[in-house]
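Have a look at the structure below, then the notes.
Quick note: the coordinates plus some simple rules give every number you see, no bench work behind them. Since we're looking at a predicted model, the values are computed, not measured. Every residue, glycine as well, gets a Cβ built from its backbone with ideal geometry; the counts of neighbours run over all protein chains shown.
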Amino acid sequence: MSAYPKFLLLVFTALVMSGSAVKAQTPPSSDESAIRAVVQHVQDGWNAHDAKAFSAPFAVDADYVVINGMKAKGRDEIEKGHAGIFATIYKDSKNAGTVKSVRFIRPDVAIVHIQWDLEYQMGGEARKGQAMNTMVMTKDAGKWSIAAFQNTSMDQPGR
């Protein structure tokens, strides 16, 4: 076998094994784009310190597990909780989300993992926090909303 066919075989094998070259060229589906827009809406609401805008993408009966393990039930409770933190500890904060994965369980149900990078002030000192968030999103009447939200700190000692 000459060098050229061996080279092509190596390139083909690398592409098949990694799969990333093919995936990188595949544009996101309209549903995935809509899901990413929901995440952006949450981020924008946070960064505007607007509890109503932050909570708007959540289902009316959404389950929300806070980073410290407390649970909120429903969009109204999520809004009230965030109004409190936006007026106090996170009033000058900025939060940046990076979607790590979108996995469709069914055409109308997706699990989304987002890494959040938070900057805030505490006691006059700049602080940073990092969390991994799992959202379960559902599509109803053509619109995606957050049915469940679980936030887990990545700032634990020993990680």
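The 3J(HN,Hα) values that the Karplus relation (6.51, -1.76, 1.60; θ = phi - 60°) gives for the range 53-60 are, in residue order, 5, 4, 7, 3, x, 7, 5, 3 Hz. Gly and Pro appear as x. What is the spin-label model distance, in nm, from ASP76 to THR88 if the labels are put 7 Å beyond Cα along the C-beta direction? Calculated label separation equals 2.2 nm.
Full extension from GLU125 to SER33: what is 0.36 nm times the residue separation minus their Cα-Cα distance, to one decimal in nm?
My answer for the length gained is 29.4 nm.
So which chymotrypsin sites (Phe, Trp or Tyr not before Pro) in the range 55-92 are both in a DSSP loop and have at most 10 other Cβ atoms within 10 Å of their Cβ? Please list the in-between numbers first.
Values: sites: PHE58, TYR64, PHE86, TYR90; in loops: TYR90.
The qualifying sites: there are none.
The phi torsions of the range 125-141, fed into the Karplus equation with coefficients 6.51, -1.76 and 1.60 and a -60° offset, translate into couplings of 10, 5, 10, 9, x, 9, 9, 10, 10, 10, 10, 9, 10, 10, 10, 9, 6 Hz, rounded to whole numbers, with Gly and Pro shown as x.
Think of each Lys and Arg Cβ as +1 and each Asp and Glu Cβ as -1; about the Cα centre, that makes the dipole of the range 28-153 roughly 160 debye. With Cα atoms defining each centre, the range 75-98 and the range 105-139 are spaced 12 Å apart in the structure.
The H on the amide N of ALA56, modeled in the peptide plane, is under 5 Å from the matching H of no residue at least 5 residues off or on a different chain.
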